[in-house]
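The values are calculated or read from the model by the stated rules, or taken from the named source; none is laboratory data. Just so it is clear, the structure is predicted and the values come from calculations on it, not from any experiment. Quick reminder, even Gly has a Cβ in these numbers, built from the backbone with ideal geometry, and neighbours come from all protein chains shown.
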Amino acid sequence: MQPFTTHTGLVATLSRSNVDTDAIIPKQFLKSIKRTGYGPSAFFDWRYTADGQPDPDFELNQPRFDGRSILVTRNNFGCGSSREHAVWALAQDGYRVIIAPWIERNGQRLPAFADIFRSNTAKNGLLAIELAESEVETIFKSVANQPGLEASVDLAAQEVTLLTPDPVRFRFEIDPGAKEQLLKGLDAIDLTLAHADDIHRFERDHDTWL
């Protein structure tokens, strides 16, 4: 897995809450036994018209978002099923960072991402960043007012910088384990192999008859 240290890229916005994994990668694409080729099918039902042409009404099809690698969206992104294919599709469609807000409603804090989706992002080299609702709103307004806006993300510093004429910075929190996994580019197999000596020792000393 490619390590994630810093990334600078074009910001695209998707102003939709509760985007579920079936919207990110519809169920008909789960038949494949491969882990590649999902990128063009990301957001398939929104992205294309019935005749298979790009739908000009879909936000991410706007020409100004060509080449985007940072997606800013609304809360509860990646809800629904636990399909890891959703993360594969986003990563293979060119995204390196997904930013969404946590929001507070009636005294409850509602998350930016569904838990399993967030876990899957770290396993596949995609950085999921949770910011306050007001901070994400600032990003939406900045992108609307400045086509071609880029942002820089520094994982070690846990900081997002909007590259506006007067740069705006946001600090984010991240689980330490996920941070280390991303910085070192470790997938689940790599994490297991880090304990290879302990595993071999257990296999050598364990009473097999048990």
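Does Ile99 count as within 13 Å of the chain's Cα centre (by Cα), surrounded by fewer than 19 Cβ atoms within 10 Å (Cβ to Cβ) and modelled with pLDDT of 95 or more? Give the steps one after another, and end with the answer.
Details: within 13 Å of the chain's Cα centre (by Cα): yes; surrounded by fewer than 19 Cβ atoms within 10 Å (Cβ to Cβ): no; modelled with pLDDT of 95 or more: yes.
Spelling it out, it is not the case that Ile99 is within 13 Å of the chain's Cα centre (by Cα), surrounded by fewer than 19 Cβ atoms within 10 Å (Cβ to Cβ) and modelled with pLDDT of 95 or more.
From the list Val19, Val11, pick out the single residue that is more than 16 Å from Asn120 (Cα to Cα), among the hydrophobic types (A, V, I, L, M, F, W, C) and modelled with pLDDT of 95 or more.
None of the others qualify; the one that does is Val11.
Report, by residue number, each residue of segment 119-174 that is of a type in the set (Lys, Arg) and not in a strand (DSSP E or B).
Within segment 119-174, Lys123, Lys141 qualify.
Please tell me if Ile98 is in a strand (DSSP E or B) and more than 29 Å from Lys184 (Cα to Cα).
no
Rundown of residues vs (1) within 11 Å of the chain's Cα centre (by Cα); (2) over 28 Å from Ser134 (Cβ atoms); (3) surrounded by 18 or more Cβ atoms within 10 Å (Cβ to Cβ); (4) in contact (Cβ under 8 Å) with a residue 24 or more places away in the chain, yes/no style:
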| site | (1), (2), (3), (4) |
| --- | --- |
| Arg16 | no, no, no, yes |
| Ile25 | no, yes, yes, yes |
| Arg35 | no, yes, no, yes |
| Thr49 | no, yes, no, no |
| Leu110 | no, no, no, yes |
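Any idea how many residues of segment 51-79 are surrounded by 17 or more Cβ atoms within 10 Å (Cβ to Cβ) and in a loop (DSSP other than H, G, I, E, B)?
6
When Leu10 is evaluated against the numbered criteria (1) exposed (fewer than 12 other Cβ atoms within 10 Å of the Cβ); (2) within 17 Å of the chain's Cα centre (by Cα), which criterion, by number, is the only one it fails?
Leu10 satisfies every listed condition except (1).
Would you mind finding the one in Ala132, Ala114, Ala122 that is surrounded by fewer than 21 Cβ atoms within 10 Å (Cβ to Cβ), small (Gly, Ala, Ser), more than 23 Å from Pro40 (Cβ to Cβ) and in contact (Cβ under 8 Å) with a residue 24 or more places away in the chain?
Working: Ala114 fails: surrounded by fewer than 21 Cβ atoms within 10 Å (Cβ to Cβ); Ala122 fails: surrounded by fewer than 21 Cβ atoms within 10 Å (Cβ to Cβ).
Only one candidate passes the filter, namely Ala132.
Select from segment 101-118 the residues that are assigned to a helix (DSSP H, G or I) and among the basic types (Lys, Arg) and list them in ascending order. Break it down stepwise before answering.
Within segment 101-118, the subset assigned to a helix (DSSP H, G or I) is 115-118.
Arg118, the sole residue that qualifies.
So Arg83 ticks every box in (1) under 28 Å from Ser152 (Cα atoms); (2) out of contact with any Gly (no Cβ under 9 Å at 6 or more places or on another chain); (3) in a loop (DSSP other than H, G, I, E, B); (4) of a type outside the set (Gly, Ala, Ser) but one. Which box is left unticked?
Among (1) under 28 Å from Ser152 (Cα atoms); (2) out of contact with any Gly (no Cβ under 9 Å at 6 or more places or on another chain); (3) in a loop (DSSP other than H, G, I, E, B); (4) of a type outside the set (Gly, Ala, Ser), Arg83 violates only (1).
Does Arg74 satisfy being on the phi < 0 side of the Ramachandran plot and modelled with pLDDT of 95 or more? Step through it out loud before you land on a result.
On the way: on the phi < 0 side of the Ramachandran plot: yes; modelled with pLDDT of 95 or more: yes.
Here the answer is yes, as Arg74 does meet what is asked.
Quickly run through segment 86-96 and pick out the residues that are out of contact with any Phe, Trp or Tyr (no Cβ under 6 Å at 6 or more places or on another chain) and either surrounded by 23 or more Cβ atoms within 10 Å (Cβ to Cβ) or basic (Lys, Arg) (or both). First the steps, then the outcome.
The initial filter retains those residues of segment 86-96 that are out of contact with any Phe, Trp or Tyr (no Cβ under 6 Å at 6 or more places or on another chain), namely 86-87, 90-91, 93-96.
Across segment 86-96, the qualifying residues are Ala86, Val87, Leu90, Arg96.
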